[in-house]
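Peer 1: Got a structure here, written out as structure tokens. Questions coming.
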Ligand SMILES: NC(=O)c1ccc[n+]([C@@H]2O[C@H](COP(=O)([O-])OP(=O)(O)OC[C@H]3O[C@@H](n4cnc5c(N)ncnc54)[C@H](OP(=O)(O)O)[C@@H]3O)[C@@H](O)[C@H]2O)c1
């Protein structure tokens, strides 16, 4: 299959190229960057020297479109909406890393603070969480690849919400991310001196992944329980925080149990839900996930805990924001869309 990677100088784009460089079934024929247009990949990202991508050069993303089967858009919010209609016209199947097609227009406008201009059709985008939408992903023309916090929170809470274990109107998601989550462009709030040896919350009460998580959990619940009243809401309070590390997301999610349950009962439900998932591991009761065990992998590790005193279910989950939270999940989706075995090229072990 012939592939184009837009945003190939960014963290998501580079991880995508790293995952594809040894794939004999994939030909990356085009890489996009406006700032590096005309330069060779190896002159900008030297790790690709002596690889089969060594001769690739960057093309402008505003120019002529590449003739490919798949386009992976590792670009900022707003770009996909400008290019998706034309790519679809040319029968290119698309995986968009941004939030452009994850939400209904009015919700997107509110949480991303961006006006939707032109055709507001969402082109039947499929939300690319394989653990929820595997069959639809296989046939999709356009994938809205999920956000990194959203993937972690959804995997943490999906079984509890589907099985009606917790009060879904008062879920709390405490979420932390490494600094690569903010992208490669330097900002005052994310440069080394501002971040190292420190720790703080940001976008309190306003993070754009809030409606994405609510929408996904609501849909998971609807599928499990048949039709739901539209009024039945899933409400989460999401607090995002910046960890002084390069990569990794850590979520602790809290839900008030509807009835008393033991940790082994909850563990069994989670284990059964994810039994056939190649990239989700439910740790044995008593263990907790750790970022360095998943960093550099496409794995999500999670663990469940019950606090009897407060009748609360706690779920801890961790994944690599650039892999299962972005490029790894995109390749998982590409594999599904192209009829390739789902885990192909995603077997990397954690870095220590
Ligand atoms: N970082 C994460 O952990 C993560 C996780 C999940 C999803 N995402 C999403 O993935 C996308 C890429 O994120 P990233 O972290 O890889 O960002 P990044 O490191 O900042 O890279 C952005 C890439 O997009 C290009 N670009 C910048 N402005 C552009 C514009 N106006 N139009 C078209 N291309 C433009 C840049 O190319 P130039 O060389 O021309 O600057 C660069 O290659 C974003 O939508 C982000 O929300 C990121």
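What follows is calculated from the coordinates using simple rules that are stated; it is not laboratory data. As the structure is a computational prediction, the values presented were derived from the model and not from experiment. Cβ sites come from the backbone with ideal geometry, for glycine too, and all protein chains shown count toward neighbours.
Peer 1: Rounded to the nearest 10 degrees, what's the angle between the helix 263-273 long axis and the longest principal axis of the chain, both from Cα atoms, 0 to 90?
Peer 2: 40 degrees
Peer 1: Could you give the length gained by full extension between residue 225 and residue 88, i.e. 0.36 nm per residue of separation minus their alpha carbon distance, to one decimal place?
Peer 2: Working: separation 137, 0.36 × 137 = 49.32 nm, distance 3.42 nm.
This chain segment gains 45.9 nm when fully extended.
Peer 1: A further question follows. May I ask you to work out the translational diffusion coefficient for the chain at 4 °C, viscosity 1.567 mPa s, via Stokes-Einstein with Rh from the Kirkwood sum over Cα pairs, reported in whole µm²/s?
Peer 2: Values: Rh = 20.7 Å.
Stokes-Einstein gives a translational diffusion coefficient of 62 µm²/s.
Peer 1: Note the full-extension length gain between residue 22 and residue 60 as 0.36 nm times their separation in residues minus their Cα-Cα distance, in nm to one decimal. Provide the component values of the computation, followed by the final result.
Peer 2: On the way: separation 38, 0.36 × 38 = 13.68 nm, distance 2.52 nm.
My answer for the length gained is 11.2 nm.
Peer 1: Where both residues lie in the chain, what percent of DSSP beta bridges are antiparallel, nearest 5? Intermediate values should be presented prior to the final figure.
Peer 2: On the way: 27 of 56 bridges.
Just about 50 percent of them are antiparallel.
Peer 1: Evaluate the relative contact order of region 143-298 (contact order divided by residue number), counting alpha-carbon pairs under 8 angstrom at least 6 apart; express in whole percent.
Peer 2: Working: 209 pairs, mean separation 58.0, N = 156.
Computed over region 143-298, the figure is 37 percent.
Peer 1: Separation between the residue 29 and residue 290 pseudo-spin-labels, each 7 Å from Cα along Cα→Cβ, expressed in nm?
Peer 2: Here the answer is 4.6 nm between the modelled labels.
Peer 1: Right, another one. In degrees between 0 and 90, to the nearest 10, how far off the longest principal axis of the chain does helix 209-225 point, with axes built from Cα atoms?
Peer 2: With rounding to tens, the tilt is 60 degrees.
Peer 1: Can you pull the one-decimal nm distance between simple spin-label points at residue 105 and residue 139, each 7 Å off the Cα toward Cβ?
Peer 2: 2.5 nm
Peer 1: Over the chain, what is the relative contact order in percent, taking alpha-carbon pairs closer than 8 angstrom and at least six residues apart? Please list the in-between numbers first.
Peer 2: On the way: 738 pairs, mean separation 60.7, N = 352.
RCO, the chain: 17 percent.
Peer 1: Taking only Cα atoms, what is the 0 to 90° angle, nearest 10, from helix 79-89's long axis to the longest principal axis of the chain?
Peer 2: In the chain, helix 79-89 runs at an angle near 70 degrees to the longest axis.
Peer 1: What is the calculated FRET efficiency for residue 352 to residue 198, with r their C-beta to C-beta distance and R₀ = 22 Å, to the nearest 0.05?
Peer 2: Details: r = 24 Å, r/R0 = 1.10.
For R0 = 22 Å, the calculated efficiency reads 0.35.
Peer 1: Build a GNM of the chain with springs between Cα atoms under 10 Å: which of 296, 226, 12 gets the top mean-square fluctuation?
Peer 2: Looking only at 296, 226, 12, the largest GNM fluctuation is found for 226.
Peer 1: Once you have the Cα-Cα distance between residue 307 and residue 50, take 0.36 nm times their residue separation minus that, and quote the gain in nm to one decimal.
Peer 2: Numbers: separation 257, 0.36 × 257 = 92.52 nm, distance 5.32 nm.
Taking residue 307 through residue 50 to full extension adds about 87.2 nm, to one decimal.
Peer 1: Right, another one. Calculated FRET efficiency, residue 341 and residue 272, Cβ-Cβ r, R0 22 Å, to nearest 0.05? The partial results should precede the final answer.
Peer 2: Numbers: r = 23 Å, r/R0 = 1.06.
Working from the Cβ atoms, E equals 0.40.
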